[in-house]
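Below: one structure, written as structure tokens.
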There are 2 protein chains.
Amino acid sequence: MYDRIKGFRDFYPGEMAARREAIDVLEDTAREYGFREIGTPALERAEMWTDKSGDDIVDELYAFEDQSGRHVTLTPELTPTVARMVVAKQQELSKPIKWVSTRPFWRYEQVQQGRYREFYQTNVDIFGSSEPTADAEILAWAADALTGLGLTGDHFEFRISHRDILGGVLESYDTEVDTEAAIRAVDKSDKLSRAEYHDLLIGAGLSADQAAEFGDLIAGGDLEEVEAFAGTERVTAAVENLQNVLDAAEDFGAREYCTISLETARGLDYYTGVVFECFDSAGEVSRSIFGGGRYDDLIESFGGQPTPAVGVAPGHATLALLCQRAGVWPEEDVTTDYYVLQIGDTRAEAARIVGELRDRGHVVETDIAGRSFGAQLDYADSINAETVVIVGEQDLENDEVTIKDMESGDQTQVPVDEFPGDRERPTFEDLA
Amino acid sequence: MYDRIKGFRDFYPGEMAARREAIDVLEDTAREYGFREIGTPALERAEMWTDKSGDDIVDELYAFEDQSGRHVTLTPELTPTVARMVVAKQQELSKPIKWVSTRPFWRYEQVQQGRYREFYQTNVDIFGSSEPTADAEILAWAADALTGLGLTGDHFEFRISHRDILGGVLESYDTEVDTEAAIRAVDKSDKLSRAEYHDLLIGAGLSADQAAEFGDLIAGGDLEEVEAFAGTERVTAAVENLQNVLDAAEDFGAREYCTISLETARGLDYYTGVVFECFDSAGEVSRSIFGGGRYDDLIESFGGQPTPAVGVAPGHATLALLCQRAGVWPEEDVTTDYYVLQIGDTRAEAARIVGELRDRGHVVETDIAGRSFGAQLDYADSINAETVVIVGEQDLENDEVTIKDMESGDQTQVPVDEFPGDRERPTFEDLA
């Protein structure tokens, strides 16, 4: 009768179980790194995005007026919200501030594989450190999270660059260059023909010769060559910063996943330093899986004290695609440790066993539908129950219950007052 | 510069840590019961609420037109969404369907203590069983979740009733009674004077004498008396069903928390059988903490096959109030197992120790801000680090690191190549 809105998804238990397993890896890894979970609102004032005109995001906002006439929007990303939160408690928060959160965001955009209008991200950010070790910790978390999912260096790479390298090289030209337009051109270059790419660079203010020269220099990705070409302190400092980040990443075990790629520019204007994107090494997922980088000016632009910041936000949909193609996505199915089957009026005894098994943390179901033996067994099978505990009136007369292994079909009887007894996770194997 | 929208909350790490601990109890308990997590959209078609006119919820919707002119709304509750999802896959889902999810909902209503415009609930529902054991399992989950939070029968009670008792008694009058209006009057009765209450009942079609009689009968709560008064099969069946639910709750360990209270009616019209509300036994939280019940007709009204259903949805804000007043709300602070302090150029060795401790699942931070010894120690203190591992250049020359207990201030030195070694969670106590 009612249908779901286009670009929004329902996750049924099997798919959700796989997603939860993946999210747990991202969050547990963040927890071990000392990132602290925060909770953030779904709605913010639309001005947080519309004040800064020219951003593609503005056209994609689910914005509306609330019943008091506030211009509000479903948040399309987390960064402005965390910036607002940092500004609001700037004095009391001990720095570095290390925050993590997993939640949906919303953008009205074209729906395609791995892209939805409601999409989930795990955002990980550090505020209050300009040190290369902070950038490297973000890279290390991302690498640990991906390897925790079962991915390896054969599956993903971080293409890493520095905003000031592109900006500094462009600045070194005599001509007036629209740096942001040129950086956007670089960001799109892998989707453009050489001629189209050069046309965009020319549109940004370079001559035809300069466009070709710049394109080749950036594609080459040789840091020494780039530094010599620009000959400016800004580019020299950026190259040094990038090297320092990579050195720290080496200590943190993440260097092996990083490739210097000066064509990695990130579309968003707020990045100021190191930027990186995660790609499928095999090239099967053609778009960037996710990206991140340093954004040292944002907090100040939100009215706060100058506060350096660096972060990353893996989106779950593209990450799932990568994991699926690498064969490491968790199985999309529910699991059940025990089904306690009742025959006749054995509910009280069954409930005791159910309770004791649940107290041990196991997933335990029992009959709540008044079903026959066969219907209960079918149901136990449908929820992938590993062990069925059969509590029958006749067995109970002999003070016994039957333990059935669902994979083999084997079963054995045990004294009811010894089940589960002091066993943490009794199975057919233990009891036979 | 930007402020948060009224009725929406930011959760900083301390408060969020306490909330997460509480949510984990609700969700882990549901997992042990075999409730399967689902994921659901924040937006639905507004018609899912507006088609059914007269509901208070409609005035509180955050509804708007999306960029394609769809009438959409931020979802104010989960039940219609799960009903839609059940209908969409009715054939393939094995029954009983047992679902759980935790997420925010949105209603434009008056903000007050424990009530926000963005509010979080854990929804737990069973579809496909009309058995009293299903109702009892919902009660048992709720009781286990609350006792898992540290609450006891001194803190909370479930006031339980049955829609057909009120409906059946009202039906037994000769006069034409607006049953839904009378039930809403009962639902509000504890906030009204006796005269106001009776006026509402008279407005619903009872005479003054009948209103007084009905009010006393319901307030009395004697099931036998009510059954005799009505003398209809409907009321007799409802009383029997309620007794059966309580009998099953006895087997499941939840009976002791249940009080029969025929004035418990639940405001929502879709309830059809047993309904219940959780109250603060001490009466300090005056409103209902949360409620639930049976809604057997909803799936069919959404175009599905007739499918009985029962569920409950604890809201986290009122639950937190109850826990706080009972003194069992988790501490609102972050915890840290280890801070690995670097003195001089010891990053590589510190990173090895950090990595090994994180591999064991511990929360471990280290310097990512280039700080002095004192500043690092202050930071370690601010994040409540239990143990500080000092990796100093001089110590390392002697192949040692220093282990400092932050509570006592005591410290000891251990060989660096034996730390953490094969210890799972080395502390000062173990090493001194």
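Here are some notes:
- Among A:Thr50, A:Thr147, A:Thr29, the largest mean-square fluctuation in a Gaussian network model of chain A (Cα springs under 10 Å) belongs to A:Thr50.
- For B:Thr179, the distances from its label point to the matching points in the remaining copies are 7.3 nm, ordered from shortest, with each point set 7 Å beyond Cα toward Cβ.
- Computed from Cα atoms, the angle from the helix A:194-203 axis to the main principal axis of chain A rounds to 60 degrees.
- Charge dipole of the protein assembly as shown about the Cα centre (unit charges at C-beta), most positive-ward option of A:Tyr108, A:Val186, B:Leu26: A:Tyr108
- With a 10 Å cut-off around each Cβ of A:91-102, the average count of Cβ atoms from other chains is 3.
- Taking B:Phe119, B:Phe290 and ordering them by how much accessible surface each has at a 1.4 Å probe, largest first, produces B:Phe119, B:Phe290.
- Listed peptides A:379-388, A:125-134 appear in the order A:125-134, A:379-388 once ranked by packing, highest mean of other Cβ atoms within 10 Å at the front.
- For the segment B:127-140, counting C-beta atoms of other chains within 10 Å of every residue's C-beta and taking the mean gives 3.
- Ligands, DNA and RNA aside, B:Lys52 has an accessible area near 90 Å² when probed at 1.4 Å.
- Computed from Cα atoms, the angle from the helix A:79-88 axis to the main principal axis of chain A rounds to 90 degrees.
- The listed residues A:Lys404, A:Lys98, once ranked by accessible area (1.4 Å probe) with the largest placed first, stand as A:Lys404, A:Lys98.
- Inter-copy label distances at A:Leu217 (7 Å, Cα→Cβ; nm, one decimal): 9.2
- Gaussian network model of chain A, Cα within-10 Å springs - most flexible of A:Val334, A:Val312, A:Val235: A:Val334
- Hypothetical label at A:Asp24: residues of segment B:97-121 whose amide nitrogen lies under 20 Å (7 Å Cα-Cβ projection): B:98-103
- Rotation relating B and A, chain A residue nearest the axis via C-beta, angstrom: A:Phe64, 2
- Peptide B:249-258 shows a mean partner chain C-beta count of 2 within 10 Å per residue C-beta.
- Across segment B:1-126, Cα-Cα pairs farther apart than 23 Å form 44% of the total.
- For segment A:347-429, the alpha carbon convex hull comes to 95 Å³ per residue, rounded to a whole number.
- The DSSP beta bridges internal to chain A are antiparallel in roughly 75% of cases.
- Between helix B:316-326 and chain B there is an angle of about 80 degrees, using the helix long axis and the longest principal axis of the Cα atoms.
- Using equal-weight Cα scatterers in the Debye expression, the normalised intensity of chain B in log10 at q = 0.08, 0.09, 0.11 Å⁻¹ is -0.59, -0.70, -0.91.
- Relative to the globular-protein estimate of 2.2 N^0.38 Å, the Cα radius of gyration of the protein assembly as shown stands at 1.07.
- Copy-to-copy label distances for B:Gly14, where each label lies 7 Å from Cα along Cα-to-Cβ, are 4.7 nm in order of increasing length.
- Considering only the protein assembly as shown, percent of DSSP beta bridges that pair antiparallel, nearest 5: 75
- Gap separating the Cα centres of segment A:228-292 and segment B:62-91, nearest whole Å: 41
- FRET efficiency estimate (nearest 0.05) - Cβ-Cβ, B:Gln110 to B:Thr335, R0 41 angstrom: 0.70
- When peptides A:153-162, B:166-175, B:108-117 are sorted by average Cβ neighbour count within 10 Å, with the highest value leading, the order is A:153-162, B:166-175, B:108-117.
The values are calculated or read from the model by the stated rules, or taken from the named source; none is laboratory data. A quick note: this is a predicted structure, and the numbers were derived from the prediction, not measured. Cβ sites come from the backbone with ideal geometry, for glycine too, and all protein chains shown count toward neighbours. Heavy atoms of the whole protein, side chains included, go into the accessibility calculation; ligands, DNA and RNA do not. Shrake-Rupley method; radii C 1.70, N 1.55, O 1.52, S 1.80 Å.
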